[in-house]
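This report concerns only the one structure given below.
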Amino acid sequence: MILNLVQENPFLSLISILTVLVVSLITKVFYTGDKRFHELSKVIPGPKQSPLIGNSFELLGSASEILLKFSKWTNQYGPRVIYRIGSYWMVTLSGAKDLEKVLSSTTETKKGIDYEQFIPWLGEGLLISNGKKWSQRRKILTAAFHFKILENFVDIFNDHAKNFVNLLKKQFLNGEKFDIAQFITECTLEIICETAMGVKMSSQTEHGKKYIRALSRMKELQLYRSLRPWLESKLIWDTFSYGKEEQKLITILHAFTNEVKYKIYKVIIERKKQFLADRSEKNLSAVESNCGKTRLALLDLMFEAQLNGEAFDDAGIREEAETFMFGGHDTTATAAGFTIFHIGNHPEVQVKLQEELDEVFGKGEAMRPVTLDDLSKLKYLECCIKESMRLTAPVPMTSRSVVTELELEKGVTLPPKTLVLFFPFELHRDPEVFPNPLAYKPERFLPENSIGRNSFAYLPFSAGPRNCIGQKFAMIEEKILLATIFRNLRIESCEKLEDLVLSANIVLHSENGINVKIHSR
């Protein structure tokens, strides 16, 4: 009956929605705004709050403006900042000792409530899940990144790196300015499909191109919603154009992963047969059966867990496929893209890097595949990657929800339901830890220059129980890709760091691209 009235009278629908919104928001603020949070705001500084909405109106800008706002607050109030978005009390932390308390905790591992809005898109995979489901899956999937399994991916990394360089040479060797970020994203998407999922997919298909465009817009919408408490309700979100656009984007994103899945399912049928045969005949674990062979480690481990009645049904396997498709390519593309940008802005760094590459590979060996032995020798390249991730953190901010209570330094305790936002973007720019923080200096990460540095002062892959499960995978992939690029090409960046419009749409991006020119060495 109510639904019929709403359909017949759109004005009544709008009034009803606004009434529900206001009443629920007032109720939540009254309920959550207890004395502990108000007392906390006396010991942690922050911007002045408005009644009911808190600081929501200060965070209504673009993704680049929001990043600047958080940076401004950190510089103004210090490494701890308290503020409120609607009914949610939030504390931003960008100090190493505080982050050590949060990230090393075995009890405070719950992702922030803002992650719940990803569920229609990603399901409740490893990125979003909490509690027993997360801990079971984390334990199982960690084995997929065993070094012996990663060895099997080196040939794939090399093939895609070679194809990537040939593509750049073919299209842009005439000195034309172009945005290299989009090409790296396409490359890393193809790599994650072939390694983690076990199928070859071209990002040049219509589905592939739509997937990348839809992913970019999807991240914008998620940030937009997370900072507007009046859009938290799914009923309200779906009523407005944003919710309808999100559904269209999810359809596009799932269309590509479904194309991948269709190929995966064919592989799964054969792999399950082979997996069961190997397991029955030799009684091997998934990791042991993969060592020394090119196998689908991620799928194998989930098969084994499924057979043992742990954590994974068919829906769970598809859920993790969605998660790894997104998380396995976007951050890696960002890290590699900004590393190219920084090196292209510092000719002296590029010369030194290419000297190391010539020493390891020899001159005239521009396309020799990179081996695991080579990787261990590329120490300066690793410093270049780490310094890039310091200055332009791939994931500039992320969150946790306090479950019980969390004691920080100097006797400050965060009560339950505090949403903690930790901020690597500013953490990595602490002048006490990294003098002259805006300068690009790879030598900071030489072993002799890292002595005594708090390990929580540098968190490109997070830390603690919920650190990035694929960080070894990402570093090997980036080293092979970048070593192949700089053995073949000289990169010239077309803008300086201060010219980039950096935005924090979940993953760091430059809104005006990473524009470069390439030249033969």
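The values are calculated or read from the model by the stated rules, or taken from the named source; none is laboratory data. For clarity, every value in this text was computed on a predicted model and none was experimentally measured. In this analysis, Cβ positions are derived from the backbone assuming ideal geometry, glycine residues included, and neighbour counts consider all displayed protein chains.
A few points about this structure:
- A315 falls short of the stated requirement of being of a type in the set (G, A, S), within 16 Å of Q136 (Cα to Cα) and outside any helix (DSSP H, G or I).
- Odd one out for R368, checked against (1) at pLDDT 95 or above; (2) in contact with a helix residue (DSSP H, G or I) (Cβ under 9 Å, 6 or more places away or on another chain): (1)
- Near pairs, Cβ below 6 angstrom, 6+ apart or cross-chain, from segment 73-93 (under 13 Å from Q49 (Cβ atoms) and of a type outside the set (D, E, K, R)) to any residue that is at pLDDT 95 or above and assigned to a helix (DSSP H, G or I): V81/W73
- Every test in (1) assigned to a helix (DSSP H, G or I); (2) surrounded by fewer than 16 Cβ atoms within 10 Å (Cβ to Cβ); (3) basic (K, R) is passed by R137 save one, and that test is (2).
- Residue within segment 426-446 that is in contact (Cβ under 8 Å) with a residue 60 or more places away in the chain, outside any strand (DSSP E or B), within 21 Å of A483 (Cβ to Cβ) and of a type in the set (S, T, Y) present: yes
- Residue satisfying condition, being on the phi < 0 side of the Ramachandran plot and surrounded by fewer than 18 Cβ atoms within 10 Å (Cβ to Cβ), within set P424, P431, P394, P442: P431
- No other residue among E320, E304, E310 is more than 29 Å from P460 (Cβ to Cβ), part of a helix (DSSP H, G or I) and touching a residue at least 12 places away in the same chain (Cβ under 8 Å) apart from E304.
- Those residues of segment 467-521 which are outside any helix (DSSP H, G or I), over 25 Å from A439 (Cβ atoms) and under 24 Å from the mean Cα position of the chain (by Cα), in sequence order: N467, C468, I469, G470, N505, I506
- Within segment 397-421, the residues that satisfy the criterion of being surrounded by 18 or more Cβ atoms within 10 Å (Cβ to Cβ) and either free of Cβ contacts under 8 Å to residues at least 12 places away in the same chain or among the aliphatic types (A, V, I, L, M) (or both) are M397, V402, L406, L408, L414, L419, V420, L421.
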